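A.B. asks: Take a look at the following structure, please.
Quick note: the coordinates plus some simple rules give every number you see, no bench work behind them. In this text, all values refer to a predicted model and were calculated from it rather than measured experimentally. Using ideal geometry, Cβ is built from the backbone for each residue, glycine included, and neighbour counts are taken over all protein chains shown.
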Amino acid sequence: MRILIIWLLVFISATAFAQKKAQAPAISVSKKTVIQSIDSHTTDLITISDKIWAAEETAFNEVQSSKLLADYAEANGFKVERGVAEMPTAFVATYGSGSPVIGILGEFDALPGLSQNKVPTKSPLHEGQPGHGCGHNLFGTASLGAAISIKEMIEQGKLKGTIKFYGTPAEEKFFGKLWMIRAGLFNGVDVVMDWHPGAETKAAVQTGLALVDFIVEFNGQAAHASADPWNGRSASDALELYATGINYLREHVKPSVRMHYHIQDGGQVVNVVPDYSRIWVRVRDTKRDGMEEVYQRVKKMAEGAAILADVDYKVTLVSGVYEVLVNRTGGDLLTKNLGLLGPMSYTDTEVAFAKKIQESTGKPQVGLHTIVEPLETTDPNAGGGSTDVGDVSWVVPTIRLSVATAPIGTPWHSWRWCLWRHVDRAQRNGSCIKNIGHDDG
């Protein structure tokens, strides 16, 4: 699995970063050693990834997925602590002793409603069920595979220090890493590594967006919608007014701001004036300060909507994350190590499959990204998504990576991301190993 080989080079980057901080002698590991370590686990890891993909488990429900990863870590000599930070599906697997202490993050939660069969056109595997539209079946598995290979090299005396694999649940909804930070699970760690499936292979040196999640509830008075609507005070009216206010606000915020909402309850039947409504709101910006300013304004708008509809309201904070603190020193080390891999090649079957997915988007059928990108400039106002990795980066230096696992231009969080991993697995793995080239130390 090329992802695992990349991850081992990431670990070497992190080790070099930690040693640079401590001014310790550098450790050199050959590509041949990396490949040999990966080969012995490839079949098992592909099986685990596919089982996580098929389990389709969402935030805090990742019982099978968490167990698959934790069991395999334990079987490979790690000390595994399960149910950490008050989360049944969270765990930490540790091996080694002393410095440097390196952490690797792994996610495994799916997204609601994205179940998809192994075909390049929309076809749910289980109608209405979740799917891995963000590639977290790859994320957790590849990270664990790299951690196991690192463990083996520590065991063989080729590396020194401690490796920790963090099984982090609920990234898509409840931000499980925040719970782990609060529990002190990153205390004493020198550097953390994180990767994510993408359309390019490169060091990730953009910030992402800070965000806040909150729920707004409106409570009014039910009445018959035809016989005596004048006796009703509609919670649904308040919800619609509130959503309209958010949409009008979009014109008057900075381009870096994002606002989303999901109506969770707008009333149950058409002939009753609803006495209850509920909306989940998310506000984002490239910096927490900018996000906070918009958050305060959007909260005040809930009061205005309640006044207009003559109902009561309640705002409940759910959670929030910081933007990522970019580690360009680590990114530079990572980019240099990525350069050892050279370009990736794909089989004709893979390219044809990728182009079929791109055809479904109406975008150019350009295939797959093959090169390792150079270290890019960090844009202070870069867009993108949000992640609880941002909060980790505020407590531990974090080196981040994007790996091409999907066709160029493929929409994230869609059915198209749920199936790319399953194309021509054996040939793909063979081509990945083949492209590593000769051992040059």
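A.B. asks: Roughly how large, in nm² to one decimal, is the mean projection of the convex hull of the alpha-carbon atoms in segment 210-321?
C.D. replies: The number I arrive at for segment 210-321 is 6.6 nm².
A.B. asks: Still on this structure, I have one more. Quote the relative contact order of segment 210-321 in percent (integer), defining contacts as alpha-carbon pairs under 8 Å separated by 6+ residues.
C.D. replies: Relative contact order comes out at 45 percent.
A.B. asks: Which listed residue (34, 306, 353) has the Cα farthest towards the positive end of the charge dipole for the chain, taking +1 on Lys and Arg C-beta and -1 on Asp and Glu C-beta about the Cα centre?
C.D. replies: Toward the positive end, the furthest listed residue is 34.
A.B. asks: Let me ask something else. With the cut-off at 28 Å, tell me which of the pairs 67/356; 51/122; 164/299; 151/355 have Cα atoms farther apart than that.
C.D. replies: In this structure, 67/356; 164/299; 151/355 exceed 28 Å between Cα atoms.
A.B. asks: Moving on to the next point. Mind ordering 108-119, 333-344 by average Cβ neighbours within 10 Å, highest first?
C.D. replies: Sorting 108-119, 333-344 by mean packing, highest first, produces 108-119, 333-344.
A.B. asks: Sorting 412, 195 on the 10 Å Cβ count, fewest up front, what's the list?
C.D. replies: 412, 195
A.B. asks: Select from the chain the helices, each a whole stretch of DSSP H, whose alpha-carbon atoms run 24 Å or more along the helix axis and whose Kyte-Doolittle mean is at least 1.0; answer none if there are none.
C.D. replies: Those that clear 24 Å and a mean of 1.0 are 2-22.
A.B. asks: What size of dipole, in debye to the nearest 20, comes out for segment 27-88 about its Cα centre when the only charges are +1 on Lys and Arg C-beta atoms and -1 on Asp and Glu C-beta atoms?
C.D. replies: The calculated dipole for segment 27-88 is roughly 340 debye.
A.B. asks: Just one of (1) 4, 20, 28, 25, 13, 6, 3, 1, 0; (2) 4, 18, 22, 19, 17, 12, 6, 1, 0; (3) 4, 15, 17, 15, 17, 15, 9, 5, 3, 1, 0 is P(r) over Cα pairs in 10 Å bins from 0, in percent calculated from these coordinates, so which is it?
C.D. replies: Among (1) 4, 20, 28, 25, 13, 6, 3, 1, 0; (2) 4, 18, 22, 19, 17, 12, 6, 1, 0; (3) 4, 15, 17, 15, 17, 15, 9, 5, 3, 1, 0, the one derived from this structure is (1).
A.B. asks: Of all beta bridges DSSP finds with both residues in the chain, what is the antiparallel percent, to the nearest 5?
C.D. replies: 70 percent
A.B. asks: Give me the percent relative contact order of the chain, please, defined on Cα pairs under 8 angstrom at least 6 residues apart.
C.D. replies: 22 percent
A.B. asks: So which aspartates and glutamates pass the test for residue 158, namely a Cα distance under 18 Å, with those fewer than 8 places away in the same chain ruled out?
C.D. replies: Cα-Cα hits under 18 Å: 39, 439, 440.
A.B. asks: Where a ≥ b ≥ c are the square roots of the eigenvalues of the C-alpha gyration tensor, would you call segment 264-381 rounded, which needs a/c under 1.5, or, failing that, prolate if a/b is larger than b/c, or oblate?
C.D. replies: Here segment 264-381 falls in the oblate category.
A.B. asks: Sorted from largest down, give the three principal axis spans of the alpha carbons of segment 69-152, whole angstrom values.
C.D. replies: Its Cα atoms span 49, 28, 21 Å along the three principal axes.
A.B. asks: Which of 202, 158 comes first, and how do the rest follow, when ranked by fewest Cβ neighbours within 10 Å?
C.D. replies: Neighbour counts put them in this order, fewest first: 158, 202.
A.B. asks: Label points 7 Å out from Cα along the Cβ direction at residue 222 and residue 315: separation in nm?
C.D. replies: Distance between label points: 2.9 nm.
A.B. asks: Taking only C-alpha pairs under 8 Å that are 6+ residues apart, what is the relative contact order of segment 285-414 in percent?
C.D. replies: Computed over segment 285-414, the figure is 34 percent.
A.B. asks: With the dipole of the chain worked out from charges on the C-beta (+1 for Lys and Arg, -1 for Asp and Glu) around the Cα centre, which of 176, 227, 274 lies farthest toward the positive end?
C.D. replies: 176
A.B. asks: Projected onto the charge dipole of segment 210-321 (+1 at Lys/Arg Cβ, -1 at Asp/Glu Cβ, origin at the Cα centre), which of 316, 255, 295 gives the Cα projection farthest towards the positive end?
C.D. replies: Going by the Cα projections, it comes out as 255.
A.B. asks: For the pairs 79/118; 287/314; 336/363; 173/254; 177/202, note any where the Cα-Cα span goes beyond 29 Å.
C.D. replies: 79/118; 336/363
A.B. asks: Treat the count of other C-beta atoms within 10 Å as a stand-in for reagent exposure and order 149, 360 from fewest to most.
C.D. replies: The order, fewest Cβ neighbours first, is 360, 149.
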